[in-house]
Amino acid sequence: MAYDFSAIEPKWRRIWEERGAFCASRDERLPKFYCLEMFPYPSGALHMGHLRNYSIGDLTARFLRMNGYNVIYPIGFDSFGMPAENAAIKMKTHPAEWTTRNIDHMIEQLKSMGCSYDWKRVVKTCMPDYYRWSQWFFLQMYKRGLAYRKHAPVNWCEACGTVLANEQVIGDGVCWRCDTPVVKKGLEQWFLRITDYAGELLDCLDELNGWPERVLTMQRNWIGRSEGVRFDIAVADSGLSIEAFTTRIDTIFGMTFVSIAAEHPLVSELAERMAPDKRAEVLEFASRMASRSAIDRTASGGDKMGIDTGFEAINPANGRRVPIWIADYILMDYGTGAIMGVPAHDQRDFDFARKFGLGIIPVVRSEDAPIPDPGAMSRATEADGVSCNSGPFDGLPTEKAIEKIGEWFEERGWGKRETQYRLRDWLISRQRYWGTPIPVVYCDRCGIVPVPEELLPVELPLDAVIPPNGGNALLGCPDWVNTVCPNCGAPARRETDTMDTFICSSWYFFRYLSPGLDSGPFSRSGADYWMPVDLYIGGIEHACLHLIYARFFTKVISDLGLTAPDLREPFTGLLTQGMVIKDGAKMSKSLGNVVDPDEIIKKYGADTARLFILFASPPDRSLDWSDKGVEGAHRFLGRVCRLVEENLTELSSASVERVPMDKLAGAEVRGLKRLIHSTVDRVTRDIRDERQLNTAVARLMELCNGLAAFSHKGGDGAAVFREGVEALLLCLCPFCPHISEELWQMLGHGELLSLSKWPEADGSALSVDSVTVVLQVNGKLREQYSVPSGLSRDELIERVMSEEATRKRVEGMEIVKVIAVPDKLVNVVAR
RNA sequence: GCGAAGGUGGUGGAAACGGUAGACACGCAUGCCUCAGGAGCAUGUGCUCGCAAGGGCAUGGGGGUUCAAGUCCCCCCCUUCGCACCA
């Protein structure tokens, strides 16, 4: 009988569903485990990345369930977003219709994988009962000043027709979704004050031991902390001043110029006071610099450009006058957009000073050297040392000087020590239709009016027509836009921008815990029991997007009192799966190297697809798709089938009693017993401790090979054989649940394999009777001997040295030393 | 430039502690079975010298520590990814 997966797989999915095998409920007697996958965007069909993600997730959920954990393993859909609008235009449908259809299809696909989801908990973010609570969170944040509206230069993607958050501008300044270069635009937009949490977001990373180092570093880079002094520099004879920030206040006496960004507001103020010719020149320079794209700036290779404003700044530390320049290397969106130029101790300032002939004053020297001659310096000295040319602070080591001068500035009221972050507030407005409406109304009398909680949700009008040119459909819904002010009843307009979809995905893992709840976003008791997520599985591309936003939301939720105050992090474990590669490149439609999961499942079955994916590569590395490899996995499952089917008589009549190792006689049966238990031991450790799923599969293949080669199938041999087959099926279950269940049933079991207890390795069965030890001469492998295991060092040496072959090997040599490692080797050092 | 992860057969990938490098698969080869096979089974398969026995060489390159190094230390090269004029 052949391996008929097309009959077996649907059969077992039906049985699991009928028995509600994987529905999660609280059970205080068991340790809980929250296994979570990054939920999919309903793009229309699963791709191999999804298949990999969910194969890893389901394996984990099933493994832990069998190991006595109370597992919650939910799935849902991140179902708002641009592609639905684009598809609506192209296919002349409505985003809601397109999305719903896709979700239905993808649910079918997910089911065909055999994942053990709790299907009662499906969450769809585009449904009013979900986004109502996204809006509610927005209102809570608004109340606390965490959501605010401001006019600012923002990232604009022309292709998407919307603004983007900083995190969504990637690489060389392109849109994360469509790779279009992003431009800056001045707009009034809604922001979330994620920077209020910057320090905590950074500090908590130290405790996330279950996260890959790579992701931690990426987040640390992204949040970017620097401690320094913010201070004012007066502009001579003008009544104006420049705010600057520095981490090296100890070098203040070395300031020889001040630079401001081309976009700095002071540029126009200074320009007003210039002679017309100069003004034109300066404004032209500033606008040329400001309009350059990120790519342009990088392409210039660090060659700095600048222009002298003709104004002078006064160094607060010593009253010295220095020129004020506009420079392209000063960024308006970091610090204050202005710096003190200290060429002696900052390489960028050095390059700039050399190019434009500005002064260089060394104010830090190394302890055992004199003050360097500025003319002879070939580069800036950025290393710590001892202050010089710094008046009363001469002689202080850098660290001390930073502290003392900082204090001095604060005492005089010149500045303030503070911490700067690279992280910017989260811009959440999107000029799109298919998203969560921002629950705000604009009233001519009352201004910005938040929609009262009891009026939520502000429902997205489903009769909107998506403009073919890609604009925001909400603008074409006057009945929806025009409303009354909840405050005063006067005519008012609704906010037509919707929320960034990353808001939807920032709290969905809470919603799974009490889906459909009407009285709040989630139940406190559910969160207390299930949170945090113990293992979160998804792609690394979210390292600085979703994974920062969700951490921020979790902290806000905790501060709102909706969860325990100590629930500060949502995900204690994180597994970032690698990409799926084919022919050396990421699978993509444009390269034409995509493999359709549906076709693989149809041709080989879900068990084969899952097995290949888990076997071909460790989860966190990239996976090379190989059609031949898939066939290999399929062949293996065929062998497992035959192993059971062809030996069914022996297996059925075999004793189910476990025969302990010390009651077993005969090398072959003892060898099999050992193989069974060492396999169980290794597989368990590979999955639980190492997440080395590929080697776990390899062990199971070895066990299968061992069972197939086993010939003593009578008496104790039959019992051990059956024990081995059962161990194989139990261990295989999380990888290939359908076929494992089928064969388990064939063995006469009535209970579900998926809910059976994971096998335990019997330590006494792990010992071996004899081992192969090697003889090395001067570290080179020479002979192999089979000896009883457990010999002591001396016994081993004695045994090996007395061998005829050993004698021949060392004949005529002077033995200097003999090293022995029990059960491993003997190394003879000889001349 | 900074940071992270990598570099092992023809291929994907294995090797807690430094202790038989290449598990397990794919591919390939030979044979068996078969009317046939994109089926199944068996055996072999790092490179190299050799008829063989038996040598030699091999984990990106170069040094070092050690009886013994893919593994530890130093220097260098390459690949991928992230950040990047961050004051």
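State the number of residues belonging to region A:747-766 that are surrounded by 14 or more Cβ atoms within 10 Å (Cβ to Cβ) and within 14 Å of RNA strand B (Cβ to nearest atom).
So the count comes out to 2.
What pairs can you find where one residue is in region A:320-336 and within 17 Å of A:E281 (Cα to Cα) and in a loop (DSSP other than H, G, I, E, B), the other is small (G, A, S) and more than 6 Å from RNA strand B (Cβ to nearest atom), and their Cβ atoms are less than 7 Å apart, with a gap of 6+ or different chains?
A:D328/A:A262; A:D328/A:G306
Regarding A:D394, is this residue loosely packed, with under 13 Cβ neighbours inside 10 Å and charged (D, E, K, R)?
For A:D394, the condition - loosely packed, with under 13 Cβ neighbours inside 10 Å and charged (D, E, K, R) - is not met.
Quick one: how many residues across region A:683-709 are within 10 Å of RNA strand B (Cβ to nearest atom), surrounded by 21 or more Cβ atoms within 10 Å (Cβ to Cβ) and either under 28 Å from the mean Cα position of the chain (by Cα) or among the charged types (D, E, K, R) (or both)?
Of the residues in that region, 4 qualify.
Which one is surrounded by the fewest Cβ atoms within 10 Å (Cβ to Cβ), of the residues in region A:122-155 that are among the aliphatic types (A, V, I, L, M) and either at positive phi or not in a strand (DSSP E or B) (or both)?
Per the stated criteria, the residue is A:M127.
Do the conditions hold for A:Y117, that is, is it in contact (Cβ under 8 Å) with a residue 40 or more places away in the chain, out of contact with any Phe, Trp or Tyr (no Cβ under 7 Å at 6 or more places or on another chain), aromatic (F, W, Y) and buried (at least 21 other Cβ atoms within 10 Å of the Cβ)?
no
Answer with yes or no whether A:R688 is touching a residue at least 60 places away in the same chain (Cβ under 8 Å), among the charged types (D, E, K, R) and closer than 15 Å to A:E645 by Cα.
The answer is no for A:R688.
Restricting to region A:786-804, give me the number of residues that are within 13 Å of RNA strand B (Cβ to nearest atom) and in contact with a Lys or Arg (Cβ under 8 Å, 6 or more places away or on another chain).
Looking only at that region, the number is 1.
Just to be sure I understand, how many residues within region A:302-339 are of a type in the set (V, I, T) and near RNA strand B (Cβ under 8 Å from one of its atoms)?
Residues meeting the conditions: 3.
Could you tell me how many of the residues in region A:261-294 are outside any loop (DSSP other than H, G, I, E, B), basic (K, R) and out of contact with any Asp or Glu (no Cβ under 8 Å at 6 or more places or on another chain)?
Number satisfying all stated conditions: 2.
What strands (runs of 3 or more DSSP E) lie completely within region A:156-246 and have 2 or more residues being near RNA strand B (Cβ under 10 Å from one of its atoms)?
A:225-235, A:241-246
Can you name every residue in region A:560-576 that is surrounded by 20 or more Cβ atoms within 10 Å (Cβ to Cβ), in contact with a strand residue (DSSP E or B) (Cβ under 7 Å, 6 or more places away or on another chain) and assigned to a loop (DSSP other than H, G, I, E, B)?
Once the filter is applied, which keeps residues that are surrounded by 20 or more Cβ atoms within 10 Å (Cβ to Cβ), in contact with a strand residue (DSSP E or B) (Cβ under 7 Å, 6 or more places away or on another chain) and assigned to a loop (DSSP other than H, G, I, E, B), region A:560-576 yields only A:P570.
For region A:412-420, does any single residue satisfy the condition of being within 13 Å of RNA strand B (Cβ to nearest atom) and among the hydroxyl-bearing types (S, T, Y)?
Checked against the condition, which is being within 13 Å of RNA strand B (Cβ to nearest atom) and among the hydroxyl-bearing types (S, T, Y), region A:412-420 yields at least one hit.
Do any residues in region A:603-628 that are in a helix (DSSP H, G or I) have Cβ atoms under 6 Å from those of residues that are charged (D, E, K, R), where the two are at least six apart or on different chains, and which pairs are they?
So the pair list comes out as A:A606/A:E9; A:I613/A:R52.
So which residues in region A:340-362 are of a type in the set (V, I, T) and either within 14 Å of RNA strand B (Cβ to nearest atom) or surrounded by fewer than 16 Cβ atoms within 10 Å (Cβ to Cβ) (or both)?
A:V342
Among residues belonging to region A:280-301 that are modelled with pLDDT under 75 and of a type in the set (V, I, T), point out the one that is farthest from RNA strand B (Cβ to nearest atom).
A:I295
Filter region A:427-471 down to residues that are of a type in the set (G, A, S) and assigned to a strand (DSSP E or B) and give me whichever is nearest to A:I548 (Cα to Cα).
It comes out as A:S429.
Just to be sure before I move on: is A:G57 at positive phi and under 21 Å from the mean Cα position of the chain (by Cα) in the structure I sent?
No; evaluated as a whole, the condition is false for this residue.
Residues checked against (1) of a type in the set (A, V, I, L, M, F, W, C); (2) at pLDDT below 90; (3) under 30 Å from A:A667 (Cβ atoms); (4) under 49 Å from the mean Cα position of the chain (by Cα):
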{"residue": "A:E783", "(1), (2), (3), (4)": "no, yes, yes, no"}
{"residue": "A:S789", "(1), (2), (3), (4)": "no, yes, yes, yes"}
{"residue": "A:E795", "(1), (2), (3), (4)": "no, no, yes, no"}
{"residue": "A:E804", "(1), (2), (3), (4)": "no, yes, yes, no"}
{"residue": "A:R809", "(1), (2), (3), (4)": "no, yes, yes, no"}
{"residue": "A:G812", "(1), (2), (3), (4)": "no, yes, no, no"}
{"residue": "A:A820", "(1), (2), (3), (4)": "yes, no, yes, yes"}
{"residue": "A:V826", "(1), (2), (3), (4)": "yes, no, yes, yes"}
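Given the conditions (1) β-branched (V, I, T); (2) within 15 Å of RNA strand B (Cβ to nearest atom); (3) buried (at least 22 other Cβ atoms within 10 Å of the Cβ), which single one is not true for A:I557?
Of everything listed in (1) β-branched (V, I, T); (2) within 15 Å of RNA strand B (Cβ to nearest atom); (3) buried (at least 22 other Cβ atoms within 10 Å of the Cβ), A:I557 misses just condition (2).
Could you give every pair whose Cβ atoms fall below 6 Å, whose first residue belongs to region A:223-249 and is at pLDDT 90 or above and acidic (D, E), and whose second residue is in a loop (DSSP other than H, G, I, E, B) and surrounded by 14 or more Cβ atoms within 10 Å (Cβ to Cβ), counting only separations of at least 6 or pairs across chains?
A:E243/A:T336
Filter region A:805-817 for residues that are within 11 Å of RNA strand B (Cβ to nearest atom) and surrounded by 16 or more Cβ atoms within 10 Å (Cβ to Cβ) and give the result.
Within region A:805-817, just A:R809 meets the criteria.
For region A:691-789, give me every one of the helices (runs of 4 or more DSSP H) that falls completely inside it and has 3 or more residues that are of a type in the set (D, E, K, R).
Fully inside region A:691-789 and qualifying: A:716-732.
Is it the case that region A:494-513 has a residue that's part of a loop (DSSP other than H, G, I, E, B), more than 30 Å from A:D566 (Cβ to Cβ), touching a residue at least 24 places away in the same chain (Cβ under 8 Å) and among the acidic types (D, E)?
Checking region A:494-513: at least one residue is part of a loop (DSSP other than H, G, I, E, B), more than 30 Å from A:D566 (Cβ to Cβ), touching a residue at least 24 places away in the same chain (Cβ under 8 Å) and among the acidic types (D, E).
Every residue in region A:583-612 that is within 25 Å of the chain's Cα centre (by Cα), within 11 Å of RNA strand B (Cβ to nearest atom) and at pLDDT below 90, please.
Within region A:583-612, A:G584, A:A585, A:K586 qualify.
Being within 14 Å of RNA strand B (Cβ to nearest atom), outside any helix (DSSP H, G or I) and in contact (Cβ under 8 Å) with a residue 60 or more places away in the chain, is that true of even one residue in region A:650-659?
For region A:650-659, residues within 14 Å of RNA strand B (Cβ to nearest atom), outside any helix (DSSP H, G or I) and in contact (Cβ under 8 Å) with a residue 60 or more places away in the chain: absent.
Could you give every pair whose Cβ atoms fall below 6 Å, whose first residue belongs to region A:525-546 and is part of a loop (DSSP other than H, G, I, E, B), and whose second residue is within 16 Å of RNA strand B (Cβ to nearest atom) and not acidic (D, E), counting only separations of at least 6 or pairs across chains?
A:A543/A:V215; A:A543/A:M218; A:C544/A:M218; A:C544/A:W222
Filtering region A:613-643 down to residues that are within 16 Å of A:K582 (Cβ to Cβ) and under 24 Å from the mean Cα position of the chain (by Cα), which residue is farthest from RNA strand B (Cβ to nearest atom)?
A:I613
The values are calculated or read from the model by the stated rules, or taken from the named source; none is laboratory data. For clarity, every value in this text was computed on a predicted model and none was experimentally measured. Quick reminder, even Gly has a Cβ in these numbers, built from the backbone with ideal geometry, and neighbours come from all protein chains shown.
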